[in-house]
Amino acid sequence: MTKVLVLGGGLVGSVIARDLAADADLEVSLADIDAKRLEAVCGASADPISAVEADCSSPECVATLCNDHELIVGAMPGRFGYRVLRAVIESGRNYCDISFMPEDAWELDELARTHGATCVVDIGVAPGMSNLLGGRAAFRLDPCHTLDIFVGGIPANPRPPFEYKAGFSPADVLEEYVRPARLVEDGRTVIREALSEPESIDFPGVGVLEAFNTDGLRSLADRLDVPSMREKTMRYPGHREVMLQMREAGFLGEEPVRVGDVDIVPRDLAAALLFPHWTYEEGEADLTAMRVEATGELEGRTVRLRWDLLDYYDPATGFSSMARTTAFPCAIMARLIAKGVVDAPGVHPPEEFAARDDVLDALFSGLQARGVHYTEHVDEIS
């Protein structure tokens, strides 16, 4: 039996832990600093999960926890991701991670190889399945000319003035709106401001959404030989303009501002004020929409290869769509690592597995069994 430790019991980590706990070959523990959260998650699980009250943002604490577990799964906010990854690697443990870390995780690849640690990072929905499908498109099309990724986790029933609620870490949501976006144009990586170059997308089953640049390509920008690549986040029309105004007014800045006798970090204040409005009520439905679209040559034809995802909140389990679509790929990959199907030491982004039919089959069949469906389309371009 493999001892698995999930770091972070938030919206996504709790679903990862409960999914893994259903596997009789895994002994699952969940670590979080919040004792009440641990009690709620472990108490709601139909399968046993051991609660570990711990500060998972501390590398020293993580290193100690690694001693008693063989496989670690990271579901921490992005700002903690890199140092947690390093601590796990230096402990010689295998790792599977969904944190949206601002650093380049593959800088630790050599360290992971040295310690014999197999680490798969960014294995959620986007980044995650978006990387895998983008890599698959580049593998199937010869050559692949363009790659476009559009993704959004949004409320099923939006309300003004924000037309939005947050399905994952508050800090990571705001980070999307400020982190410079990397795109590939004419074979070169270029930088665009987050929230820039808006366009309308008519997504079947949802309606018209507004898409804008965010830093979602990540490792794809360096690892795929595709001359034109971009990733855009989708929101309901109107949300982008509100957040752009807030950013330009300085509310998303990280440099402290003196207000009276107190130094205040604007983004911390913005998060504290925004997230009561952006928090889903119990039973409130969200949805996840994603499109990965590529053009290129396939068997002598110029084609458009596209995958669409439209997923909703599951009232039977109480799992949000964003939690489902992010947690399940990570949990499935964690099982592949535990079983030795994925066993090469190093730090691996999802696109590295694009040519492995066994990994793709496991992911897609596992997601389908959990009610998450990706629909593939191939259309010839005249």
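The values are calculated or read from the model by the stated rules, or taken from the named source; none is laboratory data. None of these values were measured; they are calculated from a predicted model. Virtual Cβ from ideal backbone geometry, glycine too; neighbours counted across all protein chains shown.
Here is a check on your reading of the model: is Gly283 modelled with pLDDT of 95 or more and surrounded by fewer than 18 Cβ atoms within 10 Å (Cβ to Cβ)? In short, no. All of (1) of a type outside the set (Val, Ile, Thr); (2) touching a Leu at 6+ places or on another chain (Cβ under 9 Å); (3) crowded, with 19+ Cβ neighbours inside 10 Å hold for Cys330 with one exception: (2). The criterion of at least 1 residues that are closer than 19 Å to Ala156 by Cα is met by the following strands (runs of 3 or more DSSP E) wholly inside segment 188-280: 199-203, 207-213, 228-235. Whenever a residue of segment 136-156 is farther than 11 Å from Val226 by Cβ, its partners that are assigned to a helix (DSSP H, G or I), lying with C-beta atoms within less than 6 angstrom and at least six residues away or across chains, give the pairs Ile149/Ser130; Gly153/Met322. Residues in segment 308-329 that are in contact (Cβ under 8 Å) with a residue 40 or more places away in the chain and of a type in the set (A, V, I, L, M): Leu309, Leu310, Met322, Ala323, Ala327. Counting the residues of segment 1-31 that are aliphatic (A, V, I, L, M), in a loop (DSSP other than H, G, I, E, B) and touching a strand residue (DSSP E or B) at 6+ places or on another chain (Cβ under 8 Å) gives 2. Note on segment 156-168: among residues that are surrounded by fewer than 21 Cβ atoms within 10 Å (Cβ to Cβ) and touching a Phe, Trp or Tyr at 6+ places or on another chain (Cβ under 9 Å), the one that is farthest from Glu248 (Cα to Cα) is Ala156.
A quick yes/no check of all residues on (1) of a type in the set (S, T, N, Q); (2) modelled with pLDDT of 95 or more; (3) assigned to a loop (DSSP other than H, G, I, E, B); (4) assigned by TED's automatic domain parsing to the domain that holds Glu351:
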position: Arg83; (1), (2), (3), (4): no, yes, no, yes
position: Phe100; (1), (2), (3), (4): no, no, yes, yes
position: Leu108; (1), (2), (3), (4): no, yes, no, yes
position: Thr114; (1), (2), (3), (4): yes, yes, no, yes
position: Ala138; (1), (2), (3), (4): no, yes, no, no
position: Phe150; (1), (2), (3), (4): no, yes, no, no
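Whether any residue in segment 229-240 is over 30 Å from Gly205 (Cβ atoms) and either at pLDDT 95 or above or among the polar types (S, T, N, Q) (or both) is what I want to check.
So the first thing to find is which residues in segment 229-240 are over 30 Å from Gly205 (Cβ atoms), and the list is none.
No, that holds for no residue.
Restricting attention to segment 347-382, the residues that are of a type in the set (A, V, I, L, M) and touching a Cys at 6+ places or on another chain (Cβ under 9 Å) add up to 1. Each residue in segment 333-381 was checked for being touching an Asp or Glu at 6+ places or on another chain (Cβ under 6 Å) and without any contact (Cβ under 8 Å) to a residue 40 or more places away in the chain, and 0 pass.
What are the residues in segment 32-76 that are touching a residue at least 60 places away in the same chain (Cβ under 8 Å) and assigned to a loop (DSSP other than H, G, I, E, B), if any? Residues satisfying the conditions are Asp68, His69, Glu70, Ala75, Met76.
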